[in-house]
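Step one of this worksheet: look at the structure below.
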């Protein structure tokens, strides 16, 4: 029986990648028996390899999509989250004490593998639990000074503008861009957010606890973005509803109280997060010409974004 995993894994095709990943791992954990090597599916930029050993399973990641400074920021964040006992990946430092290694001129990280499955939908899950873990994340990251903008946030939406005259999806994205830009209250609390709280970045352990993984999109944003994203994530698996949103807010407020202005803006940020997912999928498929996203993968996010916008705007 395969071990349940937070990642869907496939066999490594490159002997060179496999050998190099094992060498890096041994620099962190010492010479240990290698039991198996596989590659987690998903992830558009970095190369991650899962290595099963006699002393446990690890993920070795070559960070090709981020600068070394970004990777060091992420490493610092993961170390801080561990100090808060927040359920997130645990870094394994090199035996010489450094956290970031080098893999063929790219920064690399070694993390312990988190065993679990991705939680699907609201039928099996309580939305308040997801709201609670988002608020715990925001408390744990309070004070971090990372200023990096969101890779696929509203400031990136104009990438679709050149296609807006001929492509209705691009035209919709620009309409949503204008709506969101005009509606966001810039006085709402901001801080470090995860930025990509989709279901693939959540792990349910065999014991039932919930963890958050993949902090590569961490950035400075309105804190409500993460809450909006978690509501969207659950809604994409089922359907968006006022009850789903309300339950997530209740869970969030069990840890961090929302201001009146924040409560009123939650539907806006559900719409914003859904639009961001529609945009990043559209950009990958129709702007970059990639094949990792299926044609039309933005349709459900569009529907959720429109429904949440109507609730926010009251029209």
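Here, each number is a calculation from the coordinates, and none is a lab measurement. Just so we're clear, the structure is a prediction, and the values are computed from it rather than from any experiment. We place every Cβ from the backbone using ideal geometry, glycine too, and count neighbours over all the protein chains shown.
What's the FRET efficiency of residue 76 with residue 313 using the Cβ-Cβ distance as r and R₀ = 35 Å, to the nearest 0.05?
Details: r = 39 Å, r/R0 = 1.13.
So the FRET efficiency works out to roughly 0.35.
Within 10 Å of each residue's Cβ, count the other Cβ atoms and sort 227, 91, 137 from fewest upward.
Numbers: 227 30, 91 19, 137 26.
By the 10 Å Cβ count, ascending: 91, 137, 227.
What does the helix-only formula give at 222 nm for the chain: each DSSP H stretch with n ≥ 4 adding -39500 (n - 2.57), the total divided by the residues, and the result rounded to the nearest 500 deg cm²/dmol? It would help to have the intermediate numbers written out before the result.
Working: 8 runs with 125 residues, N = 315.
It lands at -13000 deg cm²/dmol.
Using a simple spin-label model with points 7 Å from Cα along the Cα→Cβ vector, what separation in nm is obtained for residue 94 and residue 182?
For residue 94 paired with residue 182, the spin-label model returns 5.3 nm.
With angles folded into 0 to 90 degrees, how steeply does helix 127-140 sit against the dominant principal axis of the chain? Use alpha carbons for both and round to 10.
On a 0 to 90 degree scale, this one is about 70.
Say each of residue 65 and residue 139 gets a label point 7 Å from the Cα, pointing the same way as Cα to Cβ; how far apart are those two points in nm?
So the two model labels end up 3.0 nm from each other.
Between residue 117 and residue 210, what length in nm is gained on full extension when 0.36 nm per residue of separation is reduced by their alpha carbon distance?
Values: separation 93, 0.36 × 93 = 33.48 nm, distance 0.97 nm.
Roughly 32.5 nm would be gained on extension.
Taking the Cα centre of each part, how many Å lie between segment 43-111 and segment 187-230?
Centre-to-centre (Cα) distance: 18 Å.
Hey, fewest Cβ within 10 Å first, where do 216, 264 land in order? Spell out each step's value before the answer.
Working: 216 22, 264 12.
The order, fewest Cβ neighbours first, is 264, 216.
Hey, what angle do you get for helix 224-237 against the long axis of the chain, alpha-carbon based, 0 to 90 degrees rounded to 10?
That helix lies at roughly 90 degrees to the long axis.
Could you tell me how many degrees, from 0 to 90 and to the nearest 10, lie between the Cα long axis of helix 299-313 and the main elongation axis, the longest principal axis, of the Cα atoms of the chain?
Approximately 50 degrees, to the nearest ten.
Sort 39, 220 by Cβ crowding within 10 Å, fewest neighbours at the top.
Working: 39 21, 220 17.
Neighbour counts put them in this order, fewest first: 220, 39.
With label points built 7 Å along Cα→Cβ from the Cα atoms of residue 102 and residue 263, find their separation and express it in nm.
5.5 nm
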